[in-house]
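K.L.:
This is the structure, below, for whatever I ask next.
Rule-based calculations on the coordinates, nothing more; no lab input. Quantities reported herein were computed from a predicted structural model and do not represent experimental measurements. Here the Cβ positions follow ideal geometry from the backbone for every residue, glycine too, while neighbour counts run over all protein chains shown.
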């Protein structure tokens, strides 16, 4: 195993091992402390109604099911969070209303290579992934008769998810040496896709 190479926000680790007699190599590339930047998930007159339905981030585990990660520790929606912080219910229905979120995360992508003895060395057979959601920053704005009101909140999530073969990618790499098998996690918040 080689030592990790570190750059700002990036780590790389290479591991050599044998699986069922085949030489294998894993390259693990990590993106640390990344951000989606602010994403507008809703804008306009329907913002208040939409805020009543947003409770979490849905992670799609590359076709092996999905996992819901709650934004709040309780069953609160964005609408309830606004009410708790501001002491009032959002006055909704304005075209200026909006909800923006920023998701901060770490992502590790593992590239697994196998040498099946064909004389061409290591060949890529599988790509798997792990994601850790660090926190989420939420900004809500609702216009009113006397000007608008903005509420911002940051919640710690600290939740991780892995694709099905992340912990043991060797079998998938060997079976898919001609056309690499790719598992990547994606997410969605309300109707907005998030790629890691």
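K.L.:
Sorted from fewest to most neighbouring beta carbons within 10 Å, what does the list 50, 13, 40 look like? Before the final figure, lay out each step's value.
P.N.:
On the way: 50 20, 13 16, 40 12.
Least to most surrounded, the residues fall as 40, 13, 50.
K.L.:
Starting with the fewest neighbours, write out 196, 166 ranked by other beta-carbon atoms found within 10 Å of each beta-carbon. The partial results should precede the final answer.
P.N.:
Values: 196 20, 166 23.
Ordered from fewest to most neighbouring Cβ atoms within 10 Å, 196, 166 come out as 196, 166.
K.L.:
Moving on. Based only on other Cβ atoms within 10 Å, what is the fewest-to-most ordering of 132, 15? Please report the intermediate quantities before stating the final value.
P.N.:
Details: 132 17, 15 13.
Sorted ascending by nearby Cβ count, the order is 15, 132.
K.L.:
Just from its helices, what would the mean residue ellipticity at 222 nm be for the chain, if runs of 4 or more DSSP H residues each count -39500 (n - 2.57) and the sum is divided by every residue, rounded to the nearest 500 deg cm²/dmol?
P.N.:
The helix contribution divided over the chain gives -2500 deg cm²/dmol.
K.L.:
Residues in region 61-90, backbone N under 16 Å from the label point at residue 150 (7 Å along the Cα-to-beta-carbon vector): list them, ranges by number please.
P.N.:
86
K.L.:
What value does region 5-195 have for Rg/Rh, both radii from Cα atoms and Rh as Kirkwood defines it?
P.N.:
Working: Rg = 21.3 Å, Rh = 18.7 Å.
Rg/Rh: 1.14.
K.L.:
Which residues in region 33-76 place their backbone N less than 14 Å from a point set 7 Å from the Cα of residue 102 along the Cα-to-Cβ direction?
P.N.:
33-40
K.L.:
So, one more: Just for the chain, what percent of DSSP beta bridges are antiparallel, to the closest 5? Don't skip to the end; give the middle numbers.
P.N.:
On the way: 68 of 70 bridges.
Roughly 95 percent of the beta bridges in the chain run antiparallel, per DSSP.
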